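Working notes, beginning with the structure itself.
Each value in this text was obtained by applying a stated rule to the coordinates, not by laboratory testing. None of these values were measured; they are calculated from a predicted model. Don't worry about glycine lacking a Cβ; one is built from the backbone with ideal geometry, like all the others, and counts go over all protein chains shown.
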Amino acid sequence: MSLPYRGIPGIEAWEIDPTAGELRIGVSPQSPPPPTEAVREQWTALLRSNSRYHDSPILSVLTFDPHTNEILTRVDGYMRLAVQPRVNTGVRLLGVTALLCARDRAGREFVLLGRRAPGTRVFGGMWELGPSGGVAPPTANIAQLDCDYLTRQLADEISEEVGMMITHAATPVAYIRDHGAHSDDVVLRFTLGFIEDLRHQPTAANWEYTEVVWMPTDSAHAWDHEGVIDATRATFRVMGWIDPA
């Protein structure tokens, strides 16, 4: 497939090439601009509609180079992310998405999908690959992150959201830019072995998912519809489960 894949409006998707080097995330010392009055007004309105919102630090993507697998970020705030698109701040959340893959005894491959709860920031009620979440900034003295850092953060998300304890290594397989969600997600693949042997089966363990299912990857076409978020549909194509042509 030609890269980036742009066959879905609002989405750009890259397959991560392991020959281009290890995934590296730089954290710039650059400070974000302070919230404007328009940002604060919109944030107040959001808090009235959803008391779960909290202005915590996030990493915002400045650049991504698919030829070197390098991402440059800076620390920003959830407030400036959440007010978009009503107030354009230019914030693009660095996120990480789990591709939890397992097989049955017959060798059929499955991947986990979750239905987002209505109270999530975007795409409430829709299905996605996951769990997923924003990448928390490191301590102030750390300026370079790697795939292990993302894996540890994602393992926490997996435990909290679907109740699975993950100790497997992860492989970065895709980079998905969702212009509508103002986010860039690194997709990490976990190969879990046989579904029947999993110690804990996934469940909707907290408020962020209402249900989860194992999707056979050979049935991705059946899930390629408007009830599935576009970033997941693009990942189906990057993974070769749907022909990107």
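Within the stretch 1-40, the set of residues being touching a Pro at 6+ places or on another chain (Cβ under 7 Å) and free of Cβ contacts under 8 Å to residues at least 24 places away in the same chain is empty. Against the list (1) outside any strand (DSSP E or B); (2) touching an Asp or Glu at 6+ places or on another chain (Cβ under 9 Å), the condition ALA174 fails is (1). When the stretch 160-199 is limited to residues that are touching a helix residue (DSSP H, G or I) at 6+ places or on another chain (Cβ under 8 Å) and among the acidic types (Asp, Glu), the one that is farthest from GLU12 (Cα to Cα) turns out to be ASP185. When both residues are 6+ apart or on different chains and their Cβ atoms are under 8 Å apart, which pairs have a first residue that lies in the stretch 94-121 and is touching a residue at least 24 places away in the same chain (Cβ under 8 Å), and a second that is of a type in the set (Lys, Arg)? Here the result reads LEU99/ARG189; CYS101/ARG189; GLU109/ARG103; PHE110/ARG103; GLY119/ARG52, each pair linking the stretch 94-121 to a residue that is of a type in the set (Lys, Arg). Please go through the stretch 44-54 and give me each residue that is within 23 Å of the chain's Cα centre (by Cα) and not in a loop (DSSP other than H, G, I, E, B), ordered by number. Matches in the stretch 44-54: LEU46 only.
PRO32 meets each of the listed conditions (1) closer than 19 Å to SER132 by Cα; (2) assigned to a loop (DSSP other than H, G, I, E, B) apart from (1).
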